[in-house]
Amino acid sequence: MLRVEDINVFYGKIHAIKDLSFDVKQGEIVTLIGANGAGKTTILKTISKILTPVSGLVKFNNENISKIPAHQIIDMGMAHVPEGRRVFSKMTVLENLQMGAYIRKDEREIREDLEMVFTRFPRLKERSKQVSGTLSGGEQQMLAIGRAIMSRPKLILMDEPSMGLAPILVDEIFDIITSINKAGTTILLVEQNANRALQIAHRGYVLETGKIIMQGTTKELLNDEKVKKAYLGG
Amino acid sequence: MTLFLQQLINGLSVGSIYAVIALGYTMVYGIIKLINFAHGEIMMMGAYFAFVTAVTIGMPFYMVLIVSMLIAAILGLSIEYVAYKPLRNAPRISALITAIGISLFLQNLALVVFKPEPKVMPAIIPKQPILIGNLQIGTVTIVTILLSVIFMILLDQFIKKTKPGKAMRAVSQDKEASILMGINVNRTISLTFAIGSALGAFGGVLYSIAYTQVYPTMGIMPGLKAFVAAVLGGIGLLPGAMLGGFVIGMIETISKAYISSQWSDAIVFGILIIVLIVKPTGILGKNEREKV
Ligand SMILES: Nc1ncnc2c1ncn2[C@@H]1O[C@H](COP(=O)(O)OP(=O)(O)OP(=O)(O)O)[C@@H](O)[C@H]1O
Ligand SMILES: [Mg+2]
């Protein structure tokens, strides 16, 4: 479904991503794990066209998306839950969810999806009129995920959804990701929390300073001595 | 008492013009964080468009207003495209200097095309005043207040209810997240300039009718005061611009009537300084935490 082929991404002179390739198949949860500054966010931003690679290409559903402007990526069925949530802080919860459906015109189905999001996240329903900037971190993360679902994506890119959340909320968020995946949405999950990410994913890639140094099924990675040492705290 | 009421209504009228011009200022600031110093000159150009359509073509008032606002919108779009868009990722000071350049350019353009002598704006709104008890209210005053309020309501509904309006709010809050939602950020910024410029021209048309004159430097003072109004209310906030506009208009009119007409501008700017010392974010501004 998603193929990243030999991309190189620079910030000025900093070579952040080096000849990197990987793929995500329909129905999977694939996780990219790596430490601070490994290049995880850069990869997701390159996939959703916020950043442009110097070389290499990204294919989505077998289509090369390098010519497609960034704001049309969501039209192709790809949504991005960005690092730090990035909800529209002065808009209400409801307005944020409606922004997620910005490209859609099927008003009736949008309303149905809104109900679906509210059933999945009852806390968002209670707070639908609240200004999003005043939500807690966990609620904002739920909102960011709900907002992404509102575009009815086939693939969701998620950038560290567990960041800054209490363990109990991390559980909740990861359960939600699993259930979204079970409902048929493919997920590319970027995490520093390797342990948890590998528990819910099917396959994983390990990233170090802009390069993939290891890949495999989550079972393989969870049992790998090097991964255990460097990323699983033991 | 009658005189005081009269002054209040005058203040309301002047204030409503400042408020509409200030809305243009604050919208552009809200979306690209640019103090568009050329906004006063858009207002001046709007006044000339009104002069030309009224005198040369002989259009009635409502047509003069619509056509002037439309041409100004196109002018604003072109300025954005030629001067500001290439600087989208440049340091903010570059765009600011460019704005000052555009402002001087438009003043000189008006000087060359229309000559420095003031043109007399014909009375395209009938002059006879309406009497309410002892109060004499000019038609221009009433039309100005009514139309300003109508445009403010329209703008407010547009921003809150329509898709392009919501896109404008989204882009002003987070450009990158807006792109991820499928919003065409460049087009949204252009639209903001078009609407802001049309509002500037609205101010220019009514200002020139109220003061019966059109000249190349006429945008400087009202532009500056609208800027003060936007900052006073809280720059980037639409209700702030409206409130600021009315406050400035009132203060100016009252101080002209009861203190001194020479000192009224100094009082207006003095109040800005005081408000900014007490509350740097303006009357309605919240002290927001810096984003990390
Ligand atoms: N805007 C930028 N300008 C310059 N360098 C940048 C920029 N953004 C990221 N980098 C650099 O690129 C590298 C990869 O950054 P990136 O944000 O992709 O890492 P990450 O894996 O997402 O880290 P984290 O887990 O902390 O979010 C880092 O070395 C970082 O310093
Ligand atoms: Mg990151």
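The values are calculated or read from the model by the stated rules, or taken from the named source; none is laboratory data. Everything numeric in this text was worked out from a predicted model, so none of it was measured. With ideal geometry, Cβ positions are generated from the backbone for all residues, glycine too; neighbour counts draw on all protein chains shown. Heavy atoms of the whole protein, side chains included, go into the accessibility calculation; ligands, DNA and RNA do not. Shrake-Rupley method; radii C 1.70, N 1.55, O 1.52, S 1.80 Å.
Key figures
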| read-out | value |
| --- | --- |
| Total residues in region A:173-192, condition crowded, with 17+ Cβ neighbours inside 10 Å and away from ligand 2 (no atom under 16 Å from the Cβ) | 9 |
| Which listed residue is closer than 26 Å to A:T46 by Cα, within 14 Å of ligand 1 (Cβ to nearest atom) and out of contact with any Leu (no Cβ under 9 Å at 6 or more places or on another chain), from A:G210, A:G216, A:G184, A:G164 | A:G164 |
| Selection within region B:78-97 - over 18 Å from the mean Cα position of the chain (by Cα) and open to solvent by less than 40 Å² (accessible area, probe 1.4 Å) | B:A83, B:Y84, B:A90, B:S94, B:A95 |
| Residue in region A:139-148 that is in a helix (DSSP H, G or I), within 16 Å of ligand 2 (Cβ to nearest atom) and closer than 26 Å to B:R169 by Cα present | yes |
| Matching entry among B:V120, B:V112, B:V143 (being touching a helix residue (DSSP H, G or I) at 6+ places or on another chain (Cβ under 9 Å) and either open to solvent by 50 Å² or more (accessible area, probe 1.4 Å) or without any contact (Cβ under 8 Å) to a residue 12 or more places away in the chain (or both)) | B:V120 |
| Close pairs (6 angstrom Cβ cut-off, 6 or more residues apart or separate chains): farther than 13 Å from B:G200 by Cα in region B:57-73, surrounded by 14 or more Cβ atoms within 10 Å (Cβ to Cβ) and of a type in the set (G, A, S) anywhere | B:V64/B:A50; B:V64/B:A54 |
| The listed residue being within 14 Å of chain A (Cβ to nearest Cβ) and in contact with a Pro (Cβ under 7 Å, 6 or more places away or on another chain), out of B:A177, B:A167 | B:A177 |
| Matching entry among B:M168, B:M152 (being more than 24 Å from A:Q72 (Cα to Cα), in contact (Cβ under 8 Å) with a residue 24 or more places away in the chain and either in contact with a Phe, Trp or Tyr (Cβ under 9 Å, 6 or more places away or on another chain) or of a type outside the set (D, E, K, R) (or both)) | B:M152 |
| Selection from region A:73-105 of residues that are among the polar types (S, T, N, Q) and at the interface with another protein chain (Cβ under 7 Å from one of its Cβ atoms) | A:S89 |
| Candidates A:E95, A:E109, A:E83, A:E115 - the one that is modelled with pLDDT of 95 or more and within 16 Å of ligand 1 (Cβ to nearest atom) | A:E83 |
| Only listed residue being in contact with a Gly (Cβ under 9 Å, 6 or more places away or on another chain), away from chain A (no Cβ under 11 Å) and open to solvent by 50 Å² or more (accessible area, probe 1.4 Å), chosen from B:Q213, B:Q157 | B:Q157 |
| Region B:167-192 - residue that is in a helix (DSSP H, G or I) and charged (D, E, K, R) and, of those, farthest from the chain's Cα centre (by Cα) | B:E176 |
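To keep it simple, each residue is scored yes or no on (1) of a type outside the set (A, V, I, L, M); (2) within 14 Å of chain A (Cβ to nearest Cβ); (3) over 12 Å from B:T26 (Cα atoms); (4) touching a strand residue (DSSP E or B) at 6+ places or on another chain (Cβ under 9 Å).
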| site | (1), (2), (3), (4) |
| --- | --- |
| B:Q173 | yes, yes, yes, no |
| B:I189 | no, yes, yes, no |
| B:L206 | no, no, yes, no |
| B:G240 | yes, yes, no, no |
| B:I251 | no, no, yes, no |
| B:I259 | no, no, yes, no |
